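Chemist: Mind looking over this structure? Questions follow.
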Amino acid sequence: MSIRVLIIDDSPTMRAILMSRLREQPDITVAGTASNAAEGREMIKRLDPDVVTLDIEMPGMNGLDFLEKIMTLRPTPVLIVSGATQEGNDVAARALALGAVDCYSKYDLAGKLTLEDSGRLADLIREAAQVRFNKPAIATPVLAEESRRSMKRDTRLIAIGSSTGGVEALQVLLREFPADCPPTLIVQHVNPRFAPAIARTLDQVCPARVQIAENNMPVRPGNVYLAAEAGHHLKVRAGSTLIARLRRGEAVSGHLPSVDVLFESVAREVGAQAVGILLTGMGQDGARGLLAMSNAGAHTIAQDESSCTVFGMPRAAISLGAARVVAPINRIARHALSKAA
């Protein structure tokens, strides 16, 4: 069955290019085009597309404001296709936090039009078409205080993996982390250029400090570290102090960095003193690693289907028997941190 796409972009030239490139794909149909948010809103209602491609810089209501309205009033898989995300700035992080499936830059760093090769864009549209939205309940600051009071003091490290829908889920999860939470490492599948802006976005809602992981960096309580180095896996080395390690390598489970690599490293180095959390995402990355953590005695948690944007990664882990707890996103922090977990 063909994937029906609505293109929203203020440039007639860009709309024509996008239409031409997507029509090269046998499984994708351009259902319509719109030049601004007002037209886009009406066409979403009328056409009910499977995926919307959305520009950021448009007259009238900009793409981010329109994205927020879409995700509030009529959740639809949205792929940002814009020049505004070229440098991986806060625009991309904001879009992902609002619920965009992914961001695709119209231009590369040299200013060349990336749409000359439509394969990557088509793959992102196919991925977006598989998204189903189940909006999680929003956590409150009170829960962070409850987590702090009941926090297990024998947890040495928390490791988190996420993919499609993960930035939004991480905001809900980390909002509940207390300021003195165990050191936490995260692999979120995202273009590495976007990672610094995502870290800043998460830092604004998390009582602990969120930062980019660096090679040989000691990981300490009260800090959350996000993988961001292109071409490197994130691992941990145990000793008197836990150390983050960035290591070059090939893709594992289809990803670089890979959640499986992080989790398997934590299983070897930290064992039963760790907590593993696998969140929303497509594919199976993290399932095998979460099983390794569980077998090493770690406490393992998977996000439940009702609160996932895409249930692929948690489902794969659950099918392996890797998750000791399956919970909605707004309850995972309490399972990870409390003595009752």
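Chemist: Taking Cα pairs under 8 Å and at least six residues apart, what relative contact order does the stretch 3-129 come out at, in percent?
Modeler: 23
Chemist: Let me ask you something else. Need the C-alpha centroid separation for the stretch 1-75 versus the stretch 285-341, integer Å.
Modeler: 35
Chemist: Okay, moving on. Taking neighbour Cβ counts within 10 Å as the exposure measure, how do THR29, THR13, THR164, THR155 sort from fewest upward?
Modeler: THR13, THR29, THR155, THR164
Chemist: Moving on. Rank SER319, SER105, SER306 by mean-square fluctuation in a GNM of the chain with C-alpha springs under 10 angstrom and give only the top-ranked residue.
Modeler: SER319
Chemist: Rounded, prolate or oblate: which one fits the chain, using the alpha carbon gyration tensor with axes a ≥ b ≥ c (rounded when a/c is under 1.5, else prolate when a/b beats b/c, else oblate)?
Modeler: Prolate shape, in that a/c is at least 1.5 and a/b is the bigger ratio.
Chemist: Does the stretch 3-129 classify as rounded, prolate or oblate by the C-alpha gyration tensor (a ≥ b ≥ c root eigenvalues; a/c under 1.5 gives rounded; else a/b over b/c gives prolate, otherwise oblate)? Present the calculation step by step, with values, prior to reporting the outcome.
Modeler: Working: a/c = 1.39, a/b = 1.07, b/c = 1.30.
Rounded shape, in that the Cα axes give a/c under 1.5.
Chemist: Can you count the Lys pairs in the chain with C-alpha separation below 22 Å, eight or more apart or on different chains?
Modeler: For the chain, qualifying lysine pairs total 4.
Chemist: So how strong a dipole does the chain carry about its Cα centre when Lys and Arg Cβ are +1 and Asp and Glu Cβ are -1, to the nearest 20 debye?
Modeler: Values: 38 positive and 36 negative charges, 227 e Å.
Using Cβ point charges on Lys, Arg, Asp and Glu, the chain gives about 1080 debye.
Chemist: Ok, one more. Where a ≥ b ≥ c are the square roots of the eigenvalues of the C-alpha gyration tensor, would you call the stretch 237-341 rounded, which needs a/c under 1.5, or, failing that, prolate if a/b is larger than b/c, or oblate?
Modeler: oblate
Chemist: Still on this structure, I have one more. Would you mind telling me the antiparallel percentage of the DSSP bridges in the chain, rounded to 5?
Modeler: Working: 11 of 52 bridges.
If we restrict to bridges inside the chain, about 20 percent are antiparallel.
Chemist: Let me ask something additional. List every residue whose amide H lies under 5 Å from the amide H of ILE3, counting only residues 5 or more places away in sequence or on a different chain, with H placed 1.01 Å from N in the peptide plane.
Modeler: Residues meeting the amide H criterion: ILE28, THR29.
Chemist: On to the next question. Could you identify which residue out of LEU291, LEU47, LEU18 has the top mean-square fluctuation in a GNM of the chain using Cα springs shorter than 10 Å?
Modeler: Per the Cα network of the chain with a 10 Å cutoff, LEU47 tops the list.
Chemist: Tell me, what ³J(HN,Hα) does each residue in the stretch 65-79 have, in order and in whole Hz, if you take phi through Karplus 6.51 cos²θ - 1.76 cosθ + 1.60 with θ = phi - 60° and put x for Gly and Pro?
Modeler: Result, ordered by residue: 5, 5, 4, 4, 5, 4, 6, 7, 9, 8, x, 9, x, 10, 10 Hz.
Chemist: Stretched out fully, how many nm does the piece from GLN204 to THR72 gain, at 0.36 nm a residue minus the Cα gap?
Modeler: 45.4 nm
Bear in mind that the values in this text are calculations on the coordinates, not laboratory data. Bear in mind that the values here come from a model prediction, so they are computed numbers and not experimental data. Glycine also receives a Cβ, built like all others from the backbone with ideal geometry; neighbour counts cover every protein chain displayed.
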